[in-house]
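Notes follow once the structure below has been shown.
The values are calculated or read from the model by the stated rules, or taken from the named source; none is laboratory data. All values reported here derive from a predicted model rather than from experimental measurement. Methodologically, a virtual Cβ is constructed for each residue, glycine included, from the backbone with ideal geometry; neighbour enumeration extends over all protein chains shown. When the accessible area is computed, the model is the full protein with side chains, heavy atoms only, and any ligands, DNA or RNA have been set aside. Shrake-Rupley method; radii C 1.70, N 1.55, O 1.52, S 1.80 Å.
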Amino acid sequence: MRLYNGVIERARAPHWYEAGGVPDTLDGRFDMVAAVLALVLLRLEGDAESASVSARLTERFVTDMDGQLRESGIGDIGVGKHIGKMMSMLGGRLGAYRDGLAMGDLTAALQRNLYRGVDPTPPALAHTQAALIAFRDALAATPAPAMIAGDLP
């Protein structure tokens, strides 16, 4: 799915980890994918015709995370439990980012969900917040068919 590939490409952009101070670890990369994915899913929420795309995008995320867990050495028995936890984390992030964006301040959501309670430097937090808000705004200006085709801003 090209849309998911676009999410991964955006989440792996070096600026998140360099200027944004997101930890370049397995957890940090997951958190960044979840942040970008959450913004894409929130954008698709506003488009009634995209419900099936949101479902497929979420399924692709689960498939990817399943593969990543297996590659990291987690066996069949533990994968389901980890996937359930990841889906819960994604759901929590959707709510936190939705609320933060509505208030115009992602600070609390980012500190809890992206930086996992470790205070980033003020410039790193400012960079990440500004970049995510700019991404959200660019997504809002992107027609849903273009997004679905994988043309993310």
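Here are some notes:
- Label sites at R98 and M1, each approximated as a point 7 angstrom past Cα along Cα to Cβ, lie 1.8 nm apart.
- Inter-site label distance for A108 and R12 at 7 Å from Cα along Cβ, in nm: 3.5 nm
- In this structure, the amide hydrogen of D24, modeled 1.01 Å from its nitrogen in the peptide plane, lies closer than 5 angstrom to no residue at least 5 positions away or on a different chain.
- Counting protein heavy atoms only, segment 100-153 has 63 percent of its accessible area on carbon and sulfur, 1.4 angstrom probe.
- Along its three principal directions, the equivalent ellipsoid of the chain from the Cα gyration tensor extends over semi-axes of 22, 21, 14 Å, largest first.
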